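To start, the structure under review is shown below, and the notes come after it.
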Amino acid sequence: MKYDCLIVDDEVELANNTCEYLNMFEIKSSVCYTKDECMKFFENNDASLILLDINLKDGSGFELCKELRKTKDIPILFISARNTDDDKIIALNIGGDDYIEKPYSLGVLLAKVRVILKRFKKENIEGYHDNHLRVDFQNRCVYVEGELVKLTSLEYKLLVYLINNSNRLVTKEELFDNVWQDKWTGDGTLNVHIRKLREIIEKDPNDPKYIFTVWKEGYKFEGENK
């Protein structure tokens, strides 16, 4: 069965209330309370978004995220009472797409979930294609020299955003707002993702032909879509 949202949280009452609230607004949702239940869920079901707590009774949400990222490229929104910058940076760097602190407003969470689902379900059949790089927006696949390559969810979002805004300066602030959707994301996190993207899609990451740095301001994607 396909769900819009899977909630993975060992706070049973909060998880159930969140699930009920999302379902009330036609966000088809289910809930798991442990890491093991989550892995079993995906044996027979699928989801378009995961709301994932960091502290689970049978393990760490960080470890579960890394395990899921081996086979899943769906958005993962961390929900946690832990509010340090280190936790947030780890969550994003291991494949998380966003981070919301507990206690959270159900209304704000609903708005975030709707935005994320809308963004990830949006299809663009044209994508990008040249003799070296092909990005299939509809199937969310990236090919380099005809070979399928693996990007994290954030790397893919970053690449697609740059492609959709080709040949113009995209500021760092714009990327933080539209890719990470967080004001506190720092230059270091962005630089790491840009470097990883270049290592994957560029023939020579040290002499990029697609993603150019505009000193102190942002980045520009240049390419010839065919």
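Values quoted throughout were computed directly from the atomic coordinates according to the rules given, and no laboratory measurement underlies them. Owing to the predicted nature of the structure, the values given are computational and were not obtained by experimental measurement. Note: ideal-geometry Cβ built from the backbone for every residue, glycine included; neighbour counts use all protein chains shown.
General remarks:
- GluC sites (Glu not before Pro) within the stretch 1-93, DSSP loop, no more than 11 other Cβ atoms inside 10 Å: GLU26
- Less than 5 angstrom separates the built amide H of HIS129 from those of VAL135, LYS226, all sequence-distant by 5 or more or on a different chain.
- Ranking of HIS193, HIS132 by neighbouring Cβ atoms within 10 Å, starting from the fewest: HIS132, HIS193.
- Rh (Kirkwood; distinct C-alpha pairs) - the chain, Å: 18.4
- Long pairs among LYS196/LYS220; LYS66/LYS209; LYS57/LYS150; LYS40/LYS72, criterion Cα-Cα beyond 21 Å: LYS66/LYS209; LYS57/LYS150
- Residue-averaged 222 nm ellipticity for the chain, from DSSP H runs of 4+ at -39500 (n - 2.57), nearest 500: -11500 deg cm²/dmol
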